[in-house]
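Notes for the one structure printed next.
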Amino acid sequence: MTTVQPTLDGTVPAPASGLSYAEWADRIRPAFVAAARTGRRFTTYEVAKDNDLPEPPCARSDWGNFTQSLVRDRVIEHCGFDRSSRPTGEKSAVAVWRGTRAAQAGRIA
């Protein structure tokens, strides 16, 4: 069970998408597997924007945790850095990913 800190006015904030981390990850994974199969380079924001994916329950850490789970599952690999195209990203450096050869061949889902 997850504990949520009430705000100063006593209300309990709802998660941004209303999904738990596991539900959110299950919902967005197919879009990242499809992007990995193309063999082209991408950022997480580009995949999320192109597929109209929901924001995670904790945007601060969940995107990183999710991409690292894809790395551990050998779906994607890090291939460089680029400037963020996210409107609120202030052109900060972000990781660029591509599908592994196994993902591109359809051997990993």
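The values are calculated or read from the model by the stated rules, or taken from the named source; none is laboratory data. Bear in mind that the values here come from a model prediction, so they are computed numbers and not experimental data. No Cβ is skipped: glycine too gets one built from the backbone with ideal geometry, and neighbour counts run over all protein chains shown. Side chains are part of the model used for accessible areas, which takes the heavy atoms of the whole protein and leaves out ligands, DNA and RNA. Shrake-Rupley method; radii C 1.70, N 1.55, O 1.52, S 1.80 Å.
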Using only Cα atoms, tell me the angle between helix 21-38 and the longest principal axis of the chain; keep it within 0 to 90° and round to the nearest 10.
-> 20
Entry for Cα Rg over 2.2 N^0.38 Å (calculated from the structure that is shown) out of (i) 0.97; (ii) 1.18; (iii) 3.11 | (ii)
Place +1 on the Cβ of every Lys and Arg and -1 on the Cβ of every Asp and Glu in the chain, take the dipole about the Cα centre, and give the residue among T100, G18, A59 whose Cα lies farthest towards its positive end.
-> T100
With everything on Cα atoms, drop me the angle between helix 62-72 and the longest principal axis of the chain, reported from 0 to 90° to the nearest 10.
-> 30
Kindly rank 86-98, 19-31 from highest to lowest mean number of other beta carbons found within 10 Å of each residue.
-> 19-31, 86-98
With the label point 7 Å along the Cα-to-beta-carbon line of A34 and a cut-off under 11 Å to each amide N, the hits in the range 50-87 are 50-53
Would you mind working out the accessible area per residue for the chain, using a 1.4 Å probe, and quoting it in Å²?
-> 67
